[in-house]
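Here the structure is laid out as structure tokens; the discussion comes afterwards.
The values are calculated or read from the model by the stated rules, or taken from the named source; none is laboratory data. This one's a predicted model, so the numbers in the text were calculated from it and none came from an experiment. Virtual Cβ from ideal backbone geometry, glycine too; neighbours counted across all protein chains shown. Just the protein is used for accessible areas: all its heavy atoms, side chains included, with ligands, DNA and RNA removed. Shrake-Rupley method; radii C 1.70, N 1.55, O 1.52, S 1.80 Å.
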Amino acid sequence: MNKLNIAVLFGGVSTEHEVSIISAKSVIENLDKEKYEIIPVGITKEGKWLLYTGKIEDLNDKWFNMGVECIITPDKTKKALLKIKDSDITYIDIDCVFPVLHGVNGEDGTIQGLLELAGVPYVGCGVLSSAVCMDKAFTKKLALIEGIPQGHFMVLNSFEYEKEQELWIRRIESEFSYPCFIKPSNGGSSVGITKAHNRIELIEGIAMAFMYDTKIVIEEFIDCREVECSVLGLNDPIASTIGEIIPSREFYDYEAKYIDNNSILVIPAKVSEHIVDEIQKLAVKLFKMLDCSGMARVDFFIEKNTEKIYFNEINTIPGFTSISMYPKLWENVGLSYSELLDRLIEIAIERHNQKQRLKYSKEG
């Protein structure tokens with residue numbers, strides 16, 4: 001059997017660069033070496049592309065010391081990675097790309113646009129879906145139109161805020177009670193997110209969020225349980241069981257996710273079958289509504305007093321570390337990590353082939 005050449009992209013110009021490396025290492029370790037020839041491609045924090053030549057076990061924050069310059073060519077006739085060494089260019093054929101690039105410049109449609117130009121199949125959502133899902137403000141507005149239950153929110157851009165800060169602070173306080181959350185609209189891994197308990201913390205939180213994006217989202221606090229659901233598929237997506245996050249801190253921030261190791265994932269979540277069914281249906285509905293494909297992790301709140309379900313956010317390139325919720329939820333229902341990766345690659349190629357058939361039918 002001929003092996004497929006799979007380029008795994010990691011790193012990136014993003015605040016989630018380090019998390020991406022951990023996820024990519026886990027993906028590479030679990031890809032079936034009998035089926036795939038793995039081509040690890042890292043992007044430095046400065047945006048330089050390098051073919052990683054070191055051992056997978058040595059893939060860490062110094063990975064760029066073991067790299068050779070490369071780039072994926074947007075030339076559709078090539079479908080290849082260009083390896084550049086001492087002014088010599090070598091073409092390496094690519095059958096599929098697995099982007100493990102969390103956050104900005106990886107999860108927001110930018111890398112997907114390049115891969116569309118290159119004509120190469122890639123794992124995960126397309127350009128539009130990636131861009132919309134990455135932007136919390138747009139996602140929430142679309143969910144609102146579709147009647148998806150979610151907490152009250154407000155969108156604020158830096159230009160408006162800088163002109164009339166006091167006015168906006170008063171408006172926020174008139175619409176939200178403390179505590180409330182402040183989030184960059186485009187971002188992940190809870191970077192730049194704060195929980196404000198008073199006006200001083202609100203002002204500080206807004207300033208911090210604007211360090212990461214020119215548009216931010218203010219959200220009401222909901223006394224809730226946090227649960228997540230994985231979705232997988234293309235034309236007929238399916239939802240996994242749901243898992244619950246019990247954060248080690250006041251909320252599930254970056255430190256609680258990746259540093260202190262004291263947060264708890266409960267899989268499956270201890271909730272009624274009715275709630276599981278409702279969340280699964282909502283997750284699939286959102287996946288289809290946002291034109292997702294391949295994979296997404298959809299996050300929800302369950303209000304403690306009422307058990308009312310609220311949509312929180314959707315992630316199109318969820319964490320793929322050994323302890324990440326997305327693969328863990330599928331493992332719980334019998335789909336191993338390696339089998340999950342196989343299925344994602346199959347879906348990527350299937351979607352690409354569908355688009356190609358559509359193109360040729362129109363030309364004919």
Structure-derived semi-axes √(5λ) of the Cα gyration tensor in Å - corresponding label in (i) 35, 23, 20; (ii) 48, 24, 22; (iii) 40, 31, 16: (i)
Alpha-carbon centroid distance for the pair segment 61-87 / segment 38-54, whole angstrom: 8
15 Å beta-carbon shell around ILE169, net charge (K/R +1, D/E -1): -4
Listed residues SER263, SER87, SER324, most fluctuating in the chain (Gaussian network, C-alpha, under 10 Å): SER87
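Enumerate the helices in the chain for which the Kyte-Doolittle hydropathy averages 0.0 or more and the C-alpha atoms extend at least 18 Å along the helix's axis, using complete DSSP H runs. Kindly include the intermediate steps, with their values, before the conclusion.
Details: long enough: 17-30 (20 Å, 0.26); 273-289 (24 Å, 0.15); 337-363 (39 Å, -1.11).
Length and hydropathy pass: 17-30, 273-289.
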With DNA, RNA and ligands ignored, accessible area of ASP291 (1.4 Å probe; Å², nearest 10): 100
Qualifying aspartates and glutamates (Cα of each under 12 Å from Cα of LYS304; at least 8 residues distant if same chain): ASP223, GLU226
Residue-averaged 222 nm ellipticity for the chain, from DSSP H runs of 4+ at -39500 (n - 2.57), nearest 500: -10500 deg cm²/dmol
GNM result for the chain, Cα springs below 10 Å: residue of ASN30, ASN235, ASN312 fluctuating most strongly: ASN235
Summed residue charge, Cβ within 12 Å of LYS288's Cβ, Lys/Arg positive, Asp/Glu negative: -1
Most mobile of ILE92, ILE345, ILE314 in a GNM of the chain (Cα contacts under 10 Å): ILE92
Net charge over other residues, Cβ less than 14 angstrom from the Cβ of ILE92 (K, R count +1; D, E count -1): -1
Accessible-area order (highest first, 1.4 angstrom probe) of the listed residues LYS25, LYS355: LYS355, LYS25
